[in-house]
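Notes follow once the structure below has been shown.
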């Protein structure tokens, strides 16, 4: 699985760094280093709805440090089967 987190200007100002750091922690805590590739991306085209993420082919919008755990558990983990 590939997870792209936008680190463009708008998403950066909305906290993409915090999202990336927490995702790294969650991937490690759940022992998914071999199953998930976390990548930074420039603009994903959803600047008004950032922090924008792309998980495989699905866009996840409005990610932040307060909801990234829920996004990980409810939207990312189920995709791993």
(message) For the structure I just gave you, tell me whether residue 48 is outside any strand (DSSP E or B), under 12 Å from the mean Cα position of the chain (by Cα) and farther than 16 Å from residue 2 by Cα.
(response) no
(request) Quick one: residue 64 ticks every box in (1) in contact (Cβ under 8 Å) with a residue 24 or more places away in the chain; (2) in a helix (DSSP H, G or I) except a single one, so which number is it? (result) (2)
(message) Of the conditions (1) surrounded by fewer than 18 Cβ atoms within 10 Å (Cβ to Cβ); (2) at pLDDT 95 or above; (3) in contact with a helix residue (DSSP H, G or I) (Cβ under 7 Å, 6 or more places away or on another chain), residue 18 satisfies every one except a single condition; which number is it?
(response) (3)
(request) Examine the stretch 17-38 for a residue that is on the phi > 0 side of the Ramachandran plot, part of a loop (DSSP other than H, G, I, E, B) and touching a residue at least 40 places away in the same chain (Cβ under 8 Å), and state whether such a residue exists. (result) no
(request) Considering only the stretch 49-65, state which residues are surrounded by fewer than 18 Cβ atoms within 10 Å (Cβ to Cβ) and farther than 10 Å from residue 19 by Cβ. (result) 49, 56, 57, 58, 59, 61, 62
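The values are calculated or read from the model by the stated rules, or taken from the named source; none is laboratory data. Source: prediction; values computed, not measured. Because the Cβ atoms are built from the backbone with ideal geometry, glycine has one as well, and the counts that use them run over all protein chains shown.
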